[in-house]
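Have a look at the structure below, then the notes.
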Amino acid sequence: MSIYKKLLEIQKKVNGFKKNAKSFGYEYVSGTKVLEHIKPLMNEYGLILKQEITSIENTRQDYLSAKGAQKNEILSKVMMRFTWIDCETGESDVNEFGANGQNDWEKGLGSALTYAERYFLLKFFHIATDEDDIDNADRKTSAGVPLETAIKEAKTLAELTNIYTKYKPTDRNLLDLMSAKKTELTLNK
């Protein structure tokens, strides 16, 4: 199997993640969650991801916090090269990716590196990370019902068509489910 087929197999197996961490009022998918799903698949297919920093730009940021305290942090901008390597064939796939991280003096670079790894994997595999993301299989309808459940419970072709038109799923599993449901509804007319 070529490196691209292996990467495609990983992409097919990971559809979407719900945000599971919170910091400074923002919700996000943690790096731990991304890696706990992706790394076993990398191991299964014999792929490693080499990460190299190609450039770093650090800028001091002086500002007042929301509480009026003077803050000094480092904004680190990194450019990275992520190289997929197939351990069986030696094939590789090279990708450039940039990220920023701002934190205390000793943590700015680490924040940028952590952010880069997490978002490279999310974006490389087109992994949805919020309920409204078009590819998230856990996305809910306006009635709060998971999209997968709404498809399964559709009673008519018109209802199924309305779900497709309104929510425009692109996830292969949801499209397969819609196709099967369409066949079922057509045969039961």
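Here, each number is a calculation from the coordinates, and none is a lab measurement. Keep in mind that this is a model prediction, so the values were computed, not measured. Don't worry about glycine lacking a Cβ; one is built from the backbone with ideal geometry, like all the others, and counts go over all protein chains shown.
For the chain, calculate the relative contact order in percent as a whole number, restricting contacts to Cα pairs under 8 Å that are 6 or more residues apart.
Values: 291 pairs, mean separation 35.1, N = 189.
Averaging sequence separation for qualifying contacts and normalising by length gives 19 percent for the chain.
I'd like to know how the stretch 3-124 sits against the 2.2 N^0.38 Å rule of thumb: what's its Cα Rg over that expected value? Before the final figure, lay out the partial values.
Details: Rg = 16.9 Å, N = 122, 2.2 N^0.38 = 13.7 Å.
Ratio of Rg to 2.2 N^0.38 Å for the stretch 3-124: 1.24.
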> What lysines sit close enough to Lys71 to cross-link, taking a C-alpha to C-alpha distance under 28 Å and skipping anything fewer than 8 places away on the same chain?
Replying inline: Lys22, Lys107
> Looking at Tyr28, Ala69, Leu113, which one has the Cα that reaches farthest to the positive end of the dipole of the chain (charges on Cβ: Lys, Arg +1; Asp, Glu -1)?
Replying inline: Tyr28
> Farthest toward the dipole's positive end in the chain, which of Leu8, Thr59, Thr186, given Cβ charges of +1 (Lys, Arg) and -1 (Asp, Glu) about the Cα centre?
Replying inline: Thr186
> In straight Cα distance, which lysines are under 23 Å from Lys6, not counting same-chain residues fewer than 8 positions off?
Replying inline: Lys33, Lys39, Lys50, Lys123
> Where does each of Ser55, Ser111, Ser92 land when they are ranked from fewest to most other beta-carbon atoms within 10 angstrom?
Replying inline: Ser55, Ser92, Ser111
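Which of the chymotrypsin sites (Phe, Trp or Tyr not before Pro) found in the stretch 27-135 are loop residues per DSSP with 14 or fewer other Cβ atoms within 10 Å of their Cβ? Walk me through the numbers on the way to the answer.
Working: sites: Tyr28, Tyr45, Tyr63, Phe82, Trp84, Phe97, Trp105, Tyr115, Tyr119, Phe120, Phe124, Phe125; in loops: Trp105, Phe125.
Loop-located and lightly packed - Trp105.
Mind sorting Glu117, Glu106, Glu9 by how few other Cβ atoms lie within 10 Å of their own Cβ, fewest first? The partial results should precede the final answer.
Working: Glu117 19, Glu106 8, Glu9 13.
Fewest-to-most Cβ neighbours within 10 Å comes out as Glu106, Glu9, Glu117.
So how do Val34, Val94, Val14 line up by other beta-carbon neighbours within 10 Å, fewest first?
Working: Val34 21, Val94 11, Val14 17.
Sorted ascending by nearby Cβ count, the order is Val94, Val14, Val34.
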